[in-house]
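Student: Below is one structure. I have some questions about it.
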Amino acid sequence: MLLITSYTMPRHEPDSKLIKMRSRTVRNPLVLGCLAAVLASCVVAPPEPGIGEPVKFSALDGWIQDRHAEAWTGLLRSCSRLEYEPEWQGVCTAARGLTRPTDAQARSFFENWFTPHPVFGRDRGQEGLITGYYEPLLFGSRSRSGRFRHPLYGKPPDLLTIELSEVYPELKGKRLRGKLQGSRIVPYYSRSQLDLRPDLLAGNELLWVDDLVALFFLHIQGSGRVVLDDGTILGVGYADQNGHPYRSIGRELIEMGEMSREDVTMFSIRAWLRENPDLAESLLHRNPSFVFFQLRDAPGEGPIGSLNVPLVPERSIAVDRSVIPLGAPVWIETRLPDEQQTRYHRLTHAQDTGGAIRGQVRVDLFCGQGERAELMAGRMKQPLRLFVLLPKYPTPK
């Protein structure tokens, strides 16, 4: 950068010629214009929100130490959906030719076929937020009974989904949902309407479960497993949503003065709902978003994300698809929500979306199944830095 300072004359008789020369130089429009151009070239404009300019892999803290072979399954699953995209054809062909790579081989592959790009938020900084989700376990039945009385619904036939990108390409990934009312399309029913009017979805019940609070958190997680009364385990996954915006009941509890921001976790919210059963339903209704489900063919394989591939525990993330393309490898830098704040830097894949996942530096980590996954997902609310890996195009030599 050009550094310009004032010049102080020596402590002796001033040189009149020098003074005149300096005066003429400063007032010369041509020189001033050149000086302004030099100064402008030295000013670095802040990065625009979104995906930034490419950087070297050395900019990814901990890249060499990651176990890249663990991310290989995620890459192959992304390729099953993206292999016909022009920029992905070479990547996926080469990936399928590499059987069970070592960490070093997988790392070399990613370095050869992808270029990392930092992701910047609206404040033009790199720090954002990571949360977690997992597959909860519920108990249910195929028929209603005194114990199993809370319905888990499939997608209703009167729910309309309108792809806005077909008319406005710049709105790719944006959808409207509603229903027909005469010749007009109007918003679909909200959570409170559907809960208070079970006749609106009569006949669309997939299963019945025994716990309203657990069912609500299943809506938030988007997928789970249900142990039936005969011992059968069924996987259920996201089928669609009613089109209403997601509203956090944790935020509602903060605004009600029931919790501080620091105390809000999945576990504290769950405890409050169980301790206040008379207020629970009205609080849940403050979130108008409502999720419809479908049965999964292979419950043991993991939930199906928005990319329509099974998610890999701790290697798949949900993103805002208007910022990060689905299928892209994404390097995350964060810390675990444990007492040691253990560093957690690893390669993941953008294979899912979520109603609450909005913004540039914002992801939701799929943590898997079981106790570790539940603890991790329930407490994850950590600072985050992101780098998205985009395929090199044309094909690297």
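Student: Give me TYR238, TYR246 ranked fewest to most by other Cβ atoms within 10 Å of their Cβ, as a rough exposure proxy. Working shown, then result.
Tutor: Details: TYR238 22, TYR246 17.
Ascending number of Cβ neighbours within 10 Å: TYR246, TYR238.
Student: What percent do you get for the relative contact order of the chain when only Cα pairs under 8 Å and 6+ apart count?
Tutor: 24
Student: Build a GNM of the chain with springs between Cα atoms under 10 Å: which of LEU375, LEU283, LEU76 gets the top mean-square fluctuation?
Tutor: Checking each option, the largest mean-square fluctuation is seen for LEU283.
Student: Right, another one. Report, as a whole number in µm² per second, the diffusion coefficient that Stokes-Einstein gives for the chain at 10 °C and 1.306 mPa s using the Kirkwood radius over alpha carbon pairs.
Tutor: Numbers: Rh = 24.4 Å.
Stokes-Einstein gives a translational diffusion coefficient of 65 µm²/s.
Student: For the chain, what is the calculated [θ] at 222 nm in deg cm²/dmol (nearest 500), taking -39500 (n - 2.57) for each run of four or more DSSP H residues and dividing by its residue count? Intermediate values should be presented prior to the final figure.
Tutor: Values: 11 runs with 110 residues, N = 397.
Helices in the chain give a 222 nm mean residue ellipticity of -8000 deg cm²/dmol.
Student: If r is the Cβ-Cβ distance from LEU212 to ARG379 and R0 is 25 Å, what FRET efficiency results, to the nearest 0.05? Write out the running numbers ahead of the final one.
Tutor: Values: r = 23 Å, r/R0 = 0.93.
Computed FRET efficiency for LEU212 and ARG379: 0.60.
Student: Looking only at Cα atoms, what is the convex hull volume of the stretch 125-209 per residue, in Å³? The partial results should precede the final answer.
Tutor: Values: hull volume 15.3 nm³, N = 85.
Enclosed volume per residue, from the Cα hull, is 181 Å³.
Student: Same structure again: Applying a 10 Å radius around every beta-carbon, put 215-221, 104-110, 180-186 in order of their mean neighbour count, most first. Display every interim value, and only then the final one.
Tutor: Details: 215-221: 21.1, 104-110: 17.1, 180-186: 9.0.
Highest-to-lowest ranking by the protection proxy: 215-221, 104-110, 180-186.
Student: Moving on to the next point. Report the charge-dipole magnitude of the stretch 287-397 in Debye, nearest 20, computed about the Cα centre from +1 at each Lys and Arg Cβ and -1 at each Asp and Glu Cβ. Walk me through the numbers before you get to the answer.
Tutor: On the way: 14 positive and 11 negative charges, 105 e Å.
Here the stretch 287-397 has a charge dipole of around 500 debye.
Student: Can I ask one more? About the Cα centre of the stretch 172-289, what is the dipole size in debye to 20, counting +1 per Lys and Arg Cβ and -1 per Asp and Glu Cβ, all else neutral?
Tutor: Values: 15 positive and 16 negative charges, 204 e Å.
The dipole magnitude comes to about 980 debye.
Student: Can you tally the net charge around PHE292? Count Lys and Arg as +1, Asp and Glu as -1, for every other residue whose Cβ sits under 15 Å from the Cβ of PHE292.
Tutor: Details: positive: LYS155, ARG175, ARG177, LYS179, ARG191, ARG296; negative: ASP158, ASP195, GLU205, ASP240.
For residues surrounding PHE292, the net value is +2.
Student: Of the beta bridges DSSP finds with both residues in the chain, what % are antiparallel, to the nearest 5? Spell out each step's value before the answer.
Tutor: Working: 49 of 63 bridges.
Here the share of antiparallel DSSP bridges comes out near 80 percent.
Student: Please name whichever of VAL291, GLY182, LEU279 sits farthest to the positive end of the charge dipole of the chain, dipole taken about the Cα centre and charges placed at Cβ: Lys and Arg +1, Asp and Glu -1.
Tutor: GLY182
Student: Which of THR102, THR353 has the fewest other C-beta atoms within 10 Å, and how do the rest follow up to the most? Please list the in-between numbers first.
Tutor: Numbers: THR102 12, THR353 22.
Lowest to highest Cβ neighbour count: THR102, THR353.
Student: So how do 305-318, 378-391, 268-281 stack up, highest first, on mean other-Cβ count within 10 Å?
Tutor: Working: 305-318: 22.3, 378-391: 20.4, 268-281: 14.3.
Per-residue Cβ counts within 10 Å, averaged per peptide and sorted highest first, yield 305-318, 378-391, 268-281.
Student: Continuing with the same structure: About the Cα centre of the chain, how large is the charge dipole given +1 on each Lys and Arg Cβ and -1 on each Asp and Glu Cβ? Please answer in debye to the nearest 20. Display every interim value, and only then the final one.
Tutor: On the way: 49 positive and 46 negative charges, 308 e Å.
Dipole size: approximately 1480 debye.
Student: Which is farthest toward the positive dipole end of the chain among HIS244, ALA373, THR93, measuring Cα position about the Cα centre, with Cβ charges +1 (Lys, Arg) and -1 (Asp, Glu)?
Tutor: THR93
Student: If you count, for each residue, the other Cβ atoms within 10 Å and average over each peptide, how do 355-363, 149-157, 229-237 line up from highest to lowest?
Tutor: Numbers: 355-363: 20.1, 149-157: 17.6, 229-237: 14.8.
So the order, starting with the most tightly packed, is 355-363, 149-157, 229-237.
Every number in this text was worked out from the coordinates using simple rules, so none of it is lab data. In this text the structure is predicted, and so the values were computed from the model without any measurement. Don't worry about glycine lacking a Cβ; one is built from the backbone with ideal geometry, like all the others, and counts go over all protein chains shown.
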